[in-house]
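Notes to accompany the following structure.
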Amino acid sequence: MKENLKNQAFTGYMIKDVEISMAEYFFNNYTLDKPIPKFYWLKINGIENMDDLYIRSEKKLFCSERLINFLTNNCVSKYLE
């Protein structure tokens with residue numbers, strides 16, 4: 001998804017590296033037979049009614065319809081329903 005977003009002209013966010021850590025609980029319970037993917041921080045810095053992504057004063061995330069359509073058609077959409 002990171003590369004898909006970077007190739008578009010969406011506004012209101014930055015993609016940053018992030019460091020994650022895993023607790024003992026994770027190591028004792030992770031059962032998938034594949035490596036952990038690299039995670040990124042989607043830092044929202046948009047301005048209301050100007051950008052595709054922004055956070056309003058009541059701490060709600062807003063997303064333009066154009067971005068929702070892009071995510072639905074090009075990224076993992078089962079989580080957006």
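A few notes on this one:
- Region 13-23, residues that are surrounded by 10 or more Cβ atoms within 10 Å (Cβ to Cβ) and free of Cβ contacts under 8 Å to residues at least 24 places away in the same chain: VAL18
- Checking each residue in region 29-77 for being charged (D, E, K, R) and in contact with a Leu (Cβ under 6 Å, 6 or more places away or on another chain) picks out only ASP52.
- Taking region 29-61 as the range and being surrounded by 10 or more Cβ atoms within 10 Å (Cβ to Cβ) and among the basic types (Lys, Arg) as the test, only LYS43 passes.
- Residue in region 67-77 that is exposed (fewer than 11 other Cβ atoms within 10 Å of the Cβ), among the hydrophobic types (A, V, I, L, M, F, W, C) and in a loop (DSSP other than H, G, I, E, B) present: yes
- Filtered residues of region 5-34 (kept if out of contact with any strand residue (DSSP E or B) (no Cβ under 6 Å at 6 or more places or on another chain) and of a type in the set (Phe, Trp, Tyr)): PHE10, TYR25, PHE26, PHE27, TYR30
- Matching option when the condition is over 17 Å from the mean Cα position of the chain (by Cα) and either surrounded by 10 or more Cβ atoms within 10 Å (Cβ to Cβ) or not in a loop (DSSP other than H, G, I, E, B) (or both), among PHE26, PHE10: PHE26
Read-outs: derived from the displayed coordinates by stated rules, not from any lab. These numbers were taken from a predicted model, which means no experiment stands behind them. Note that we place each Cβ from the backbone using ideal geometry, even for glycine, and neighbour counts take in every protein chain shown.
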